[in-house]
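Notes for the one structure printed next.
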Ligand code: ATP
Ligand code: MG
């Protein structure tokens with residue numbers, strides 16, 4: 001036998017028993033974002049490497065060590081997208097959708113990061129992203145958070161996630177803070193973990209995020225970012241909090257929340273759960289007013305977030321929140337024997353699908369005797385089995401078996417649609 005080829009480590013197949021949860025989540029998101037006026041945008045999975053280097057930032061974890069980068073056959077450096085915001089900006093700007101107008105956009109699809117695979121962390125994973133452009137005021141930050149809260153509510157997740165909020169100010173404010181932080185931390189350099197020592201010169205803000213205890217101990221007495229936040233950023237933050245409060249959305253302020261991507265400024269936020277171990281963030285985002293310009297467009301404010309689909313699916317599964325209607329099930333199984341019955345059963349199955357939207361009608365294909373077909377009907381867990389043989393066709397009837405009671409009835413072919421409808 002030929003050797004079987006396995007999937008790439010950290011890249012998962014989503015099998016039929018899981019795909020209905022994905023479809024349910026995607027459908028729910030699509031409905032919620034649409035109700036806020038967001039339109040879908042789709043962009044390629046592969047982009048020029050420079051887009052992410054400039055967009056996400058050279059000294060971020062993503063660009064330093066997580067990207068799938070390769071040379072095209074003509075020597076161009078390409079990268080499998082590690083996130084969607086940079087591509088979304090590229091696509092929207094390229095189409096002239098950004099300057100002097102507002103946009104509300106969303107997307108979903110696979111992202112690729114070379115990370116150590118574990119529960120909730122994969123090398124191909126999926127994000128649903130929501131972005132808005134052209135609005136500088138805090139009301140749009142609030143809208144995005146309110147939208148995400150509505151989604152959690154619809155999914156039954158609201159009580160299982162916590163909103164963490166912070167403001168990281170303007171670039172100039174962060175620069176001043178970085179200088180103060182580096183000055184303080186340099187004194188204790190030896191006590192910092194290895195990553196944090198390196199970040200002292202590359203990306204000092206990220207040190208705040210360190211999980212290392214010794215580093216966290218040193219940070220206890222470090223200067224506070226909050227003290228460097230100017231009036232404009234502070235007012236923006238207060239307004240956001242006021243709108244959230246007026247909408248009954250609880251949040252906690254996490255002054256250590258900085259996010260791992262360079263493009264954020266002012267608002268940053270994460271929705272965090274206690275149910276998923278250390279892969280706790282199911283949704284993360286913030287404001288990125290400098291990004292469009294950084295990528296060569298005209299200065300345009302932006303704000304957005306991305307949800308991790310695998311983590312949300314895990315959470316829905318863990319908490320048993322998949323409604324029965326979202327699970328795949330067969331309503332009617334159709335079996336037949338003989339050429340005439342086969343033809344009649346096709347026609348009847350089509351009538352059922354046409355007349356009753358969303359009805360799942362599985363017509364057995366491949367022949368076989370009644371006994372074997374009946375076994376398949378049992379296995380399908382269908383609610384009804386409709387049976388058609390030569391006798392039935394001659395009399396223009398069929399047998400309808402209620403699979404839970406075992407009761408079987410003869411029904412005229414021309415009233416079977418009404419009969420099934422009345423039983424649903
Ligand atoms: P983390 O701190 O968990 O590495 P991040 O800050 O790198 O997350 P973002 O780039 O902000 O994550 O991505 C937004 C969301 O996408 C995350 O909150 C998470 O739900 C999901 N996500 C990110 N990386 C992965 C991954 N490798 N596998 C699965 N989901 C992921
Ligand atoms: Mg990460």
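What follows draws every value from the coordinates through simple rules; no lab data is involved. None of the values given here were measured: they were computed from a predicted structure. Here the Cβ positions follow ideal geometry from the backbone for every residue, glycine too, while neighbour counts run over all protein chains shown.
A straight line joining the Cα centroids of the range 22-40 and the range 317-343 runs 25 Å. Working note: 222 nm ellipticity from helices only, DSSP H runs with n ≥ 4, each -39,500 (n - 2.57), summed and divided by the residues of the chain, gives -11500 deg cm²/dmol to the nearest 500.
Would you mind giving the three semi-axes, in whole Å and largest first, of the ellipsoid equivalent to the range 325-386 according to its Cα gyration tensor? Before the final figure, lay out the partial values.
On the way: eigenvalues 76, 49, 9 Å².
Over the Cα atoms of the range 325-386, the semi-axes work out to 20, 16, 7 Å.
Once the chain from residue 118 to residue 59 is taken as fully extended at 0.36 nm per residue, the excess over their C-alpha distance is 18.9 nm. For the chain, relative contact order (Cα pairs under 8 Å, six or more residues apart, normalised by length) works out to 15 percent. For the chain, the Kirkwood hydrodynamic radius from C-alpha pairs, put into Stokes-Einstein at 20 °C and a viscosity of 1.002 mPa s, yields a diffusion coefficient of 86 µm² per second.
For a protection proxy built on the mean count of beta-carbon atoms within 10 angstrom, sort 218-231, 365-378 highest first, please.
Numbers: 218-231: 15.0, 365-378: 13.1.
Ranking the peptides 218-231, 365-378 by packing returns 218-231, 365-378.
In terms of surrounding Cβ atoms within a 10 Å radius of their Cβ, 49, 202 rank from fewest to most as 202, 49. DSSP bridge analysis restricted to the range 283-399 gives an antiparallel fraction near 45%, rounded to the nearest 5. Report the residues of the range 212-231 in range of a label on residue 188: point 7 Å along Cα→C-beta, backbone N strictly under 18 Å from it. Correct set: 212-227. Dimensions of the range 179-249 based on its C-alpha atoms, expressed as ranges along the principal axes with the largest first, amount to 46, 23, 21 Å.
Taking only the C-alpha atoms of the range 249-362, the Rg (one decimal) and the largest Cα-Cα distance, Dmax (whole number), read 25.0, 73 Å.
Could you grab the relative contact order for the range 164-254? Cα pairs under 8 Å, six or more apart, rounded to a whole percent.
Details: 77 pairs, mean separation 42.6, N = 91.
Answer for the range 164-254 is 47 percent.
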